[in-house]
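The values are calculated or read from the model by the stated rules, or taken from the named source; none is laboratory data. No experiment lies behind these values; they were computed from the predicted model shown. Glycine also receives a Cβ, built like all others from the backbone with ideal geometry; neighbour counts cover every protein chain displayed.
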Amino acid sequence: MIHIPPNSDFSIHNLPFGIFSTQGSAPKVGIAVGAHILDLTALSRCHKFDFDSSVFQKPFLNDFISLGKEKTVQLRKDIQSWIKDKNSVLYHNKDLFVSQADSKMHLPVRVGDYTDFYSSLEHATNVGKMFRDPKNALLPNWKHIPVAYHGRASSIIPSGQSIFRPKGQVVPTGATQPVYQPTESLDFELEMAYIIGKENKLGQTISTEEAEEYIFGMVIFNDWSARDIQKWEYVPLGPFLGKNFASSISPWVVPLEALDPFRVKGPTQEPEVLPYLQYEGMKNYDIKLEVGITPENTSERIVSRSNFKHMYWNMVQQLAHHTTNGCNVRVGDMIASGTISGTEASSFGSMLELSWAGTKPIKMHDGSERKFLHDGDTVTMRAFSEKGHIRVGFGEVLTKIKSHI
Ligand code: MN
């Protein structure tokens, strides 16, 4: 039987899907099990699946996800029982597994479209206080609409891929005219994102009740932001070049079903939302989040501890709202939550908030200070859920910042 360390993110309760390669192999579909990866192409040579198993040899999960939840949920259930079953093909066949240490992870899905919500009340309030009016931080629409914008899919990158400090048009402090220069306020945004697993037709809406059928799974999402570029450009049409230079994601897609034990009640929504945004049941998830900054030549400093359960608008409300005008979503589309900030200053999900627009610098272990991120810094985000003996984790998304090109 494959050994799974008790504190592993990739427990038998998780079984997330990803795209991996080993030396000499093309990228293909695998499942993380402890410190190993179950090679589904190898498994399909010893087991006949009731679907076309060539989906496991693809460089993205899209075709596999398109099989539908009936097949993908069943596969996870089968593998869960085979890992423990002495008579199963998995139990004795160590050749079906490769070590994660010997593998390279790739972008898990071909992302067609990417949407970024703005669903944390605390984050929206903090940003409103800093950029607009401390007394009237929330705009009048915020508690009625899950606010979002369309982002750019082409620059979504996997964990491990470095980013370059972007250049852009900014207005330096004290100046009135813009200049073109490397951003001086490079920031992360701590987010989670879900991946669409089923498409709706153009013109067809998805209700809050149906929405979970359309959500395949989740990843950690770091929505890189250049605050000075963003500040100058965002009026009146919203985020553009201050955002679209990169977003980094964790490589393992945790199926929504694996998160079932961690459902919690969401915050009370007052005023009452319109009927199409109302929902039943527990649609928030208790997922613990942390962000660390590792400057070059020193150890990591954890700068934020937050939780996905803080979200004001949940995923089913976001998807119902996204399709309420008949907009169609497709398999592989990525829908991000928006920065996840808690109520405490230590749980804010961006440097903008943690350093309160640069007025409260954060000390690193080597004594250096950060208002925003420096070249050479590595930002690592981690996420996991735990309840009793059940642990389901996302691993991490790690990115190093290189100087501008
Ligand atoms: Mn964002």
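Worth a mention:
- Once the stretch 274-302 is narrowed to residues that are hydrophobic (A, V, I, L, M, F, W, C) and buried (at least 18 other Cβ atoms within 10 Å of the Cβ), the residue that is farthest from V147 (Cα to Cα) is I293.
- In the stretch 252-270, the count of residues that are touching a strand residue (DSSP E or B) at 6+ places or on another chain (Cβ under 6 Å), surrounded by fewer than 18 Cβ atoms within 10 Å (Cβ to Cβ), in the same structural domain as K283 (by TED's automatic domain parsing) and in a helix (DSSP H, G or I) is one or more.
- In the stretch 233-250, the residues that are among the acidic types (D, E) reach residues that are away from the ligand (no atom under 11 Å from the Cβ) with C-beta atoms within less than 6 angstrom, at least six apart or across chains, in these pairs: E233/F240.
- Candidates M334, M315, filtered to the one that is surrounded by 17 or more Cβ atoms within 10 Å (Cβ to Cβ) and under 30 Å from S403 (Cα atoms): M334
- None of K371, K400, K360, K387 is free of Cβ contacts under 8 Å to residues at least 40 places away in the same chain and of a type in the set (K, R) except K360.
- Among residues that are in contact with a helix residue (DSSP H, G or I) (Cβ under 6 Å, 6 or more places away or on another chain), over 30 Å from T380 (Cβ atoms) and away from the ligand (no atom under 15 Å from the Cβ), A211 is included.
- Residue list for the stretch 147-169, filter: of a type in the set (A, V, I, L, M, F, W, C) and surrounded by fewer than 16 Cβ atoms within 10 Å (Cβ to Cβ): F164
- Failed condition for I65, given (1) touching a residue at least 12 places away in the same chain (Cβ under 8 Å); (2) within 23 Å of A258 (Cα to Cα); (3) out of contact with any Gly (no Cβ under 8 Å at 6 or more places or on another chain); (4) part of a helix (DSSP H, G or I): (3)
- Screening the candidates L96, L121 for the property of being closer than 30 Å to T268 by Cα and surrounded by 13 or more Cβ atoms within 10 Å (Cβ to Cβ) yields one hit, L121.
- Residues (within 25 Å of S346 (Cβ to Cβ) and in contact with a Pro (Cβ under 9 Å, 6 or more places away or on another chain)) located in the stretch 116-148: D116, F117, Y118, S119, L121, G128
- Among (1) more than 16 Å from the ligand (Cβ to nearest atom); (2) in contact with a helix residue (DSSP H, G or I) (Cβ under 6 Å, 6 or more places away or on another chain), the one test that I195 misses: (2)
- Exactly one residue among F221, F216 is within 20 Å of the chain's Cα centre (by Cα), among the aromatic types (F, W, Y), assigned to a strand (DSSP E or B) and away from the ligand (no atom under 15 Å from the Cβ), and that residue is F216.
- Residues that are over 22 Å from S8 (Cα atoms) and either part of a loop (DSSP other than H, G, I, E, B) or of a type in the set (K, R) (or both) occur at least once in the stretch 87-103.
- Yes/no for I229 being at pLDDT 95 or above, within 28 Å of F394 (Cα to Cα) and surrounded by 16 or more Cβ atoms within 10 Å (Cβ to Cβ): no
For (1) of a type in the set (G, A, S); (2) touching a His at 6+ places or on another chain (Cβ under 9 Å); (3) touching a residue at least 24 places away in the same chain (Cβ under 8 Å); (4) surrounded by fewer than 21 Cβ atoms within 10 Å (Cβ to Cβ), each residue gets a yes or a no:
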| residue | (1), (2), (3), (4) |
| --- | --- |
| V179 | no, no, no, yes |
| Y194 | no, no, yes, no |
| G197 | yes, no, yes, no |
| Q204 | no, no, yes, yes |
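- Neighbours by Cβ (under 8 Å, 6+ apart or cross-chain): first from the stretch 112-135, over 20 Å from L354 (Cβ atoms) and in contact (Cβ under 8 Å) with a residue 12 or more places away in the chain; second within 15 Å of the ligand (Cβ to nearest atom) and part of a helix (DSSP H, G or I): F117/Q318
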